[in-house]
1. When each pair of different Cα atoms in the stretch 4-115 is counted once in the 1/r mean, what is the Kirkwood radius in angstroms, to one decimal?
2. Please work out how much length the chain gains when fully extended from residue 351 to residue 317, using 0.36 nm per residue of separation minus the C-alpha to C-alpha distance, in nm with one decimal.
3. Whats the longest run of the chain with zero GluC sites (Glu not before Pro) that are DSSP loop and have at most 11 other Cβ atoms within 10 Å?
4. Just to be sure I follow: if Rg is taken over the C-alpha atoms of the stretch 188-309 and Rh is the Kirkwood radius over the same atoms, what is Rg/Rh?
5. Find the all-direction average of the projected area of the Cα convex hull for the stretch 108-261, expressing the result in square nanometres with one decimal place.
6. Which stretch or stretches of the stretch 99-116 have amide N atoms under 20 Å from the point lying 7 Å from residue 40's Cα along the Cα→Cβ direction?
7. Mind listing P(r) for the chain? All alpha-carbon pairs, 10 Å bins, whole percents.
8. In the stretch 46-108, which trypsin sites (Lys or Arg not before Pro) fall in coil by DSSP and have 15 or fewer other Cβ atoms within 10 Å?
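Each value in this text was obtained by applying a stated rule to the coordinates, not by laboratory testing. Small disclaimer: the values here were computed from a predicted structure and weren't measured. Every residue, glycine among them, receives a Cβ derived from its backbone with ideal geometry; neighbour counts consider all protein chains shown.
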Amino acid sequence: MSVITELTVRRVRIPLLRPFTTAVRSATELETVLVALTDSDGRRGWGEAPISRVTKATTDEVTNAIDAQLRGLVLGRNLDDWFTLAEAVNNSLAPATARMAVDCALHDLAAQQAGMPLYRLLGGGAPMITTDMTLSVGDASELASAARTHVAEGFTCIKIKLGPDGDQVARLRAVRAAVGPQIVLRVDANQAFSPERAVDVIRAIEDAGINLELVEQPVGAADWAGLAFVTARVETPVMADESVWNLSDLRTLIRLKAASMVNVKLAKAGGLHEARRLVAEAQAAGLGVLIGCMLESTVGIAAAASLAAASRLADTAPGSSGLDLDGGLWLRGAPVEGGAHYAGNSIVLADSPGLGIDGLAVPVQR
């Protein structure tokens, strides 16, 4: 019998290669929390809690919640009961990103005990998926130049962040001209528009013949009526992101027909346990599903990519044009050794048990 004997928490900051700017924030570094669970056989499972305004919790709040609410749920417990433990973590009142870290570490540890990679524990699939590349909010020339660079690097799907102001059509025309007709373009407004403004912008983009795959979260997260208003009045598929954190949110989206796609992120769902349910229920309802990420290291990215691989999202739209897991490509370094790695526009999952992480990289800020 293997028992969980230790839970360690590490605060980490990693500089970004370039500023990451959206309609709601601008960042120059990744602030995150790593969690490691150790069992009585010496195995160690890893998870991550990315910190930002989007994840709605500070580093102090995350570390305090892990210590006060989650540590006692898992320490001393039999690893054979990992699924029950994951359910308990999911049902706790800890912030979603804190639950993500402990949940993913638990899944990593369970997969190691089973002697298989995490993506196989979750249901199999191929150990490699493709990702899009995100462009920060910028002017037309900046976006065109960045898009051209990333396409030269092998990316076939580009996501453009839009702010609330300026000529959106001119920006996207410049990107389309820079990359040609074969590259898939998607945009993410990060709640930048009112419903009426969103319809005007999207219709103008449609009239310009730019050919977008999707528009992500054009209106405020809580504005369900506004999201449904936009979806009903444009031809371009609308994808919900910040609006959907849990099953209750997803069911509201389905009932209101507020969007035709949903972006599932572990930091919103609280880890793999709830995210798997979200994917299954969304697919059963006929929604397009995309697995996304925050700014995260390859610890969180590997867990999300494992879910994407197991859910066969690489074989169905919108995943066929690249999942949204480029967060780790923005970092100047990785906090761990081993595990998943990027190869051009692909994420290659480790073929060793669990996430395949060997340990901390040096130096890691605590």
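1. Taking the inverse mean of 1/r over all distinct Cα pairs, the stretch 4-115 comes out at 14.5 Å.
2. Gain on extension, residue 351 to residue 317, equals 9.7 nm.
3. Looking at the chain, 1-152 is the longest stretch - no exposed GluC sites (Glu not before Pro) with at most 11 other Cβ atoms within 10 Å.
4. Expressed as Rg/Rh, it is 0.98.
5. 10.8 nm²
6. Within reach of a label on residue 40: 106-115.
7. Bin by bin from 0 Å, the calculated values are 6, 26, 35, 23, 9, 2, 0.
8. Answer by residue number: 53, 56.
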